[in-house]
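One structure below.
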Amino acid sequence: MHFPAFDDFYQRILFLLPFAANFRSTDFDYQAPVRWQNTYPACGGSDQSPIAISARKVIPLSLPPLVFGVYDEFFDELVTVSNNGHTVEFKVPTTIYGVRPYVTGGLLQDCYEAEGVHFHWGSPVSKGSEHVLNGRRFDLEMHIVHRNTKYLTFEEAQENSDGVTVLAVLFKVVRADPTFYQPGLNEVFSSLLHLGNFNSSYTVQERITLGSLLGNLDRGNFYTYKGSLTTPPCSPVVQWHVFGQVLPISHLELPKFWQLRDRLNRPLQKNFRPLQSQENRQIFHRQPFVPLQQEQLQELIWL
Ligand SMILES: [Zn+2]
């Protein structure tokens, strides 16, 4: 017996499956990241992230600062944070000026619009940043993911080597009152207790700006290198910016990440990818343009 509507339904599902796998990449976990490449070949390819950054081995480079467009303007709606089974994330809404925050400047040739924010963390007994800085792994790492506006969708950006830039902020746990710190981050951290179960989401109580997630971070001090997404499909299309200054997170806030659960109701902990080989890639450390001192000017005049 034949059910045309039923057949049609299944044909659609079969047609859509490869796209779903490509775009959603939900079928991975952190038990054996080395196996990601069986399904996503780029994960076993070149230019992978994260990497270890050592201040002694980086190349100092005089660069203009990053420009943070409408980063410090309020979003036009409250952000909704969700537990997707791999991390907690929120999609970046437009600001009150009708556009999303963006970055350009530094080594970037184009304008990159903020798409989403998510985190990587460890467990009660291990630290969980993805990047390692000067031999240290930190407690938490925040990623603000941006799409090159040359490309209309994130999927299209993922197909192009200049498609994505990510700002990475490292956090170190401190024994202090959380209210001293970044107001935007406090909103996100306080949503975590509502996000224990997979697929749960929570709308924060206060309007925030994207810039408020950076607190008083020195936005001019960053390492930059060419790498990849750190989750499948591991596309090697990311210009990374890892800030040199490490932000504080209260010892009362950090454990809120550890109580999250994944789609199989297991603890969602240690959601960081192991370090990848730097290969022959260069890591640059931005040096601000330093105006010449009076004595240096004198020397130049006498030369
Ligand atoms: Zn990430």
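The values are calculated or read from the model by the stated rules, or taken from the named source; none is laboratory data. In this text, all values refer to a predicted model and were calculated from it rather than measured experimentally. All Cβ positions, even for glycine, are placed from backbone atoms using ideal geometry, and neighbour counts span all protein chains on display. SASA here: full protein model, heavy atoms, side chains in, ligands and nucleic acids out. Shrake-Rupley method; radii C 1.70, N 1.55, O 1.52, S 1.80 Å.
Quick notes on this structure:
- The single condition from (1) away from the ligand (no atom under 14 Å from the Cβ); (2) surrounded by fewer than 22 Cβ atoms within 10 Å (Cβ to Cβ); (3) closer than 20 Å to Val81 by Cβ that Glu115 fails is (1).
- Number of residues in segment 75-95 that are closer than 14 Å to Ser190 by Cβ and within 13 Å of the chain's Cα centre (by Cα) equals 2.
- If the condition is being over 20 Å from Gln276 (Cα atoms) and assigned to a strand (DSSP E or B), then segment 129-161 contributes Ile144, His146, Arg147, Asn148.
- Residue that is away from the ligand (no atom under 16 Å from the Cβ), surrounded by 14 or more Cβ atoms within 10 Å (Cβ to Cβ) and modelled with pLDDT under 95, where the choices are Gly196, Gly220, Gly215: Gly215
- Segment 155-176, residues that are farther than 30 Å from Lys127 by Cα and open to solvent by 30 Å² or more (accessible area, probe 1.4 Å): Glu155, Glu156, Glu159, Asn160, Ser161, Asp162
- Within segment 262-277, at least one residue is in contact (Cβ under 8 Å) with a residue 40 or more places away in the chain, in a strand (DSSP E or B) and open to solvent by 60 Å² or more (accessible area, probe 1.4 Å).
- Options Val92, Val99: the member that is open to solvent by 50 Å² or more (accessible area, probe 1.4 Å), in contact (Cβ under 8 Å) with a residue 24 or more places away in the chain and among the β-branched types (Val, Ile, Thr): Val99
- Checklist (1) within 16 Å of the ligand (Cβ to nearest atom); (2) within 19 Å of Pro236 (Cα to Cα) applied to Thr153, failing item: (1)
- Selection status of Leu14, open to solvent by less than 80 Å² (accessible area, probe 1.4 Å) and modelled with pLDDT under 95: no
- Pro248 meets each of the listed conditions (1) closer than 24 Å to Gly69 by Cα; (2) open to solvent by 30 Å² or more (accessible area, probe 1.4 Å) apart from (1).
- Here Thr179 passes the criteria (1) in contact with a strand residue (DSSP E or B) (Cβ under 7 Å, 6 or more places away or on another chain); (2) open to solvent by 20 Å² or more (accessible area, probe 1.4 Å); (3) modelled with pLDDT under 95 except the one numbered (1).
- Residue satisfying all of: in segment 126-136; open to solvent by 10 Å² or more (accessible area, probe 1.4 Å) and either hydrophobic (A, V, I, L, M, F, W, C) or within 15 Å of the ligand (Cβ to nearest atom) (or both); nearest to His86 (Cα to Cα) among these: Val132
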